[in-house]
1. Kindly evaluate residue 60 against the criterion of being closer than 30 Å to residue 122 by Cα, surrounded by 14 or more Cβ atoms within 10 Å (Cβ to Cβ) and in contact (Cβ under 8 Å) with a residue 60 or more places away in the chain.
2. Do we have any residue at all in region 167-186 that's under 27 Å from residue 16 (Cα atoms) and either within 13 Å of the chain's Cα centre (by Cα) or surrounded by 18 or more Cβ atoms within 10 Å (Cβ to Cβ) (or both)?
3. Look at region 119-164 and say how many of its residues are of a type outside the set (A, V, I, L, M, F, W, C) and part of a strand (DSSP E or B).
4. Name the residues in region 62-87 that are of a type in the set (S, T, N, Q), farther than 27 Å from residue 162 by Cα and at pLDDT below 95, would you?
5. Quick check: anything in region 189-211 outside the structural domain of residue 125 (by TED's automatic domain parsing), part of a helix (DSSP H, G or I) and within 14 Å of the chain's Cα centre (by Cα)?
6. If a residue must be in a helix (DSSP H, G or I) and of a type outside the set (Gly, Ala, Ser), how many such residues does region 226-264 contain?
7. Of the residues that sit in region 46-57 and are assigned to a helix (DSSP H, G or I) and in contact (Cβ under 8 Å) with a residue 24 or more places away in the chain, which one is surrounded by the most Cβ atoms within 10 Å (Cβ to Cβ)?
Amino acid sequence: MFILSKLFWLMAQPLSLAFLFCALGAMFAFLGWRRFGGMLSLFAALVLFLTLYTTSGGVALQVLEARFAKPATEPENLSCIIVLGGALENEVTTSRGGIEFNQAGDRFVETLRLALRHPQARILISGGDGSISGAYEGEAAASERFFSAFGVSTDRLVKENASRTTYENSLQTKEILAQSELTDCLLVTSAFHMPRSMALFRKASIPVMPWPVDYRTNGILKIGFDFSQPTTNAQLTSTAVREWLGLLGYYVTGRIDSVFPAAQ
């Protein structure tokens, strides 16, 4: 299932779809099916236009980010913080060492802030190597360098280095929480990723408080044209499509109980 999901996403992301339909359009036109080939090429152009030059992807991502609002105040007696992987460049850190964050680095920055404010809290880092090859160090392993560099004792860290997907995050975390007798944790992950994460943790009967970070939109986007930042629009659209497909796929396979889980 893991390999299948990776291969599916390779073809289902917007730019890959545009290329596929463009290539098919050219092939059918070459074979003499010019009208059909033209229709496929037109569809490819439409996908590209929506992806690059509209705010549709940003709006779709914004809906996800708005689902779970960050609580106005922190718990006074915080005992556990769960941070989901996806913020470190595992391929780079494996070969170069050090700490190399990607755009989701806020997950670890916010967790560090919480850890320094609540020195009694344990920190559960959930995330292994999510690559197809499985040849890189997991985030839970690499994160020890980050937290120790800022004075957080390694004794406070609980590392789950086996999970490759959000679904596996929830299963592995449930076992570790039971073994460590940790309860009522904060769940730190990207805001757009929080609906899928909360749906999975609820399905696994893990009570957590959502603590979203890493917002990618300003919260007031409207549907319209945007010719100023095609590369950013493509990134937002790709992230939104992937997350919505993830929610749908998990619902169809019975891993979550709702395509769009309730905020409460």
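The values are calculated or read from the model by the stated rules, or taken from the named source; none is laboratory data. Just so it is clear, the model here is predicted, and its values are computed rather than measured. Cβ sites come from the backbone with ideal geometry, for glycine too, and all protein chains shown count toward neighbours.
1. So residue 60 does not fit the description; no.
2. Step one: filter region 167-186 for residues under 27 Å from residue 16 (Cα atoms), giving 167-168.
Those left that are additionally either within 13 Å of the chain's Cα centre (by Cα) or surrounded by 18 or more Cβ atoms within 10 Å (Cβ to Cβ) (or both): 167-168.
The answer is yes; a qualifying residue exists.
3. First pass over region 119-164, keeping only residues of a type outside the set (A, V, I, L, M, F, W, C): 119-120, 122, 126-131, 133-134, 136-139, 143-145, 148, 151, 153-156, 159-161, 163-164.
From what is left, the residues that are part of a strand (DSSP E or B) are 122, 126, 159-160.
Looking only at that region, the number is 4.
4. Initial filter on region 62-87 (of a type in the set (S, T, N, Q)): 62, 73, 77, 79.
When the remaining residues are screened for being farther than 27 Å from residue 162 by Cα, the result is 62, 73, 77.
Result: 73, 77.
5. Scanning region 189-211 turns up no residue that is outside the structural domain of residue 125 (by TED's automatic domain parsing), part of a helix (DSSP H, G or I) and within 14 Å of the chain's Cα centre (by Cα).
6. 18
7. 57
To keep it simple, each residue is scored yes or no on (1) in the same structural domain as residue 247 (by TED's automatic domain parsing); (2) more than 15 Å from the chain's Cα centre (by Cα); (3) at pLDDT 95 or above.
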site: 55; (1), (2), (3): yes, yes, yes
site: 89; (1), (2), (3): no, no, no
site: 100; (1), (2), (3): no, yes, no
site: 106; (1), (2), (3): no, no, yes
site: 115; (1), (2), (3): no, yes, yes
